[in-house]
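Everything below concerns the one structure shown next.
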Amino acid sequence: MCTAALLMGVMAAPAQAAAGETDAGLRGANWALKETGKDSRFRGLSAVSRSTAWVAGSKGTVLRTVDGGRSWRDVSPPGAVAESLELRDIEAFDSRRAVALSIGEGEASRVLRTEDGGATWTEAFRNPDPRAFYDCLTFFDSRHGLAMSDPVDGGFRLLATADGGRSWQPLPSAGMPPALPGEAGFAASGQCLVSAGSHDVWLATGGGAAGRVLHSADRGLTWRVADSTVPAGDPARGVFGLAFRDRTRGLAVGGDYRTGQPSPRAAALSADAGRTWLQAATPPPAYRSGVAWHPFGRATALAVGPTGTDVTVDGGRTWRALDAGSYDTVTCAPDGGCWAAGEKGRVARLERR
């Protein structure tokens with residue numbers, strides 16, 4: 001198929017899905033702040049439901065709510081607090097089981113796990129390689145997951161677990177395409193490594209000559225790479241967050257995270273599992289670090305960043321402003337509970353007013 005025809009197919013799929021689409025669960029909704037009593041920056045977020053969510057952030061902080069954000073329990077790992085670790089990603093399976101990732105060079109990159117709602121934590125992995133810097137993790141189900149490091153020896157490094165995060169092993173590197181000079185992942189929202197279904201996973205990059213998206217259909221053993229339309233070419237620019245509704249339909253957001261810098265092509269969409277990407281016709285007006293599909297709208301999604309939240313109801317072709325508050329990450333639970341988190345202890349849930 002020629003390139004033009006392929007791009008027309010990518011453009012048509014979300015538009016057809018959006019025929020007759022409304023704002024789904026977003027009509028008349030906006031973010032309602034939930035007081036946490038903390039000043040940490042929460043870039044890690046996992047929404048279990050409308051009532052249950054976990055956030056992880058700076059100063060080794062982890063919070064959990066089981067009552068829709070009316071109250072929060074500080075379940076921070078004591079060791080993470082003592083060392084002021086940067087917890088940038090968290091994946092929760094329910095109100096008791098969660099896996100958190102701290103970032104940084106060498107031993108600062110760790111994976112922590114709890115099975116009792118955060119009352120106790122176990123260190124499941126501590127990075128022994130000073131060249132590695134882990135950015136994100138994702139799970140296919142409650143047992144199988146991956147964690148991703150910036151390139152080492154010319155390629156992104158991956159760890160895999162098959163026991164719910166209790167133990168981690170490096171994956172073979174033979175199937176990983178070479179990294180571009182300066183290329184890396186962004187530990188900005190816990191969405192530089194995302195999965196959909198039982199085997200498909202995507203990895204977002206920036207910093208190199210192009211903002212790229214890598215896709216694996218076999219849980220990280222082999223990868224295919226594609227350029228997105230999100231600009232890179234600078235350590236501060238590239239694809240920061242990904243979201244896939246299923247194994248074919250995906251969204252990418254990013255830009256330049258530096259305050260005041262323009263991000264004219266901050267969003268892209270794909271209808272073929274990330275083989276090709278199409279620039280949003282009306283993208284968000286500025287850098288966006290997090291993105292999430294809404295479960296009640298076939299083509300509805302949210303994107304967040306320091307300057308606001310945007311919504312699309314046509315699969316990412318066009319975006320409009322929803323809220324001006326600062327958030328770094330966003331996620332929606334299967335029951336329609338959407339949560340966002342960011343700087344100065346900010347956590348919010350999407351609610352109708």
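All of the numbers you see were taken from the coordinates with simple rules; none came from a lab. This structure is a prediction, so every number in the text was calculated from the model and none was measured. Counting neighbours? That spans all protein chains shown, and the Cβs are built from the backbone with ideal geometry, glycine included.
Over all pairs of distinct alpha carbons, what does the Kirkwood formula give as the hydrodynamic radius of the chain, in Å? Could the numbers behind the result be given before it?
Details: mean 1/r = 0.0509 Å⁻¹.
Roughly 19.7 Å, rounded to one decimal.
Could you work out the helix-only [θ] at 222 nm for the chain, with each DSSP H run of four or more residues adding -39,500 (n - 2.57) and the total divided by the number of residues, to the nearest 500 deg cm²/dmol?
That calculation yields -1500 deg cm²/dmol at 222 nm.
Any idea what % of Cα-Cα pairs in segment 268-321 are farther than 19 Å?
Working: 306 of 1431 pairs.
More than 19 Å apart: 21 percent of the Cα pairs in segment 268-321.
Would you mind ranking L33, L26 by Cβ crowding within 10 Å, fewest neighbours first?
Working: L33 13, L26 22.
If I rank by nearby Cβ atoms, fewest first, I get L33, L26.
In whole Hz, what ³J(HN,Hα) sequence does segment 68-81 give by Karplus (6.51, -1.76, 1.60; θ = phi - 60°), x for Gly and Pro?
Karplus-based 3J(HN,Hα) across segment 68-81 equals x, x, 5, 9, 10, 9, 6, 10, 4, x, x, x, 5, 5 Hz.
In whole Hz and in residue order, list the ³J(HN,Hα) couplings for segment 268-277 that follow from phi through the Karplus curve 6.51 cos²θ - 1.76 cosθ + 1.60, θ = phi - 60°; x for Gly and Pro.
Each residue of segment 268-277 in turn: 9, 9, 9, 10, 9, 6, x, 5, 9, 10 Hz.
How do 234-247, 332-345, 171-184 rank on mean C-beta neighbours within 10 Å, highest first?
In descending order of packing, they fall as 234-247, 332-345, 171-184.
Want the number for A324 to D227: 0.36 nm per residue separation, take away the alpha-carbon distance, what's left? It would help to have the intermediate numbers written out before the result.
Numbers: separation 97, 0.36 × 97 = 34.92 nm, distance 2.99 nm.
Stretched out fully, the A324 to D227 stretch lengthens by 31.9 nm.
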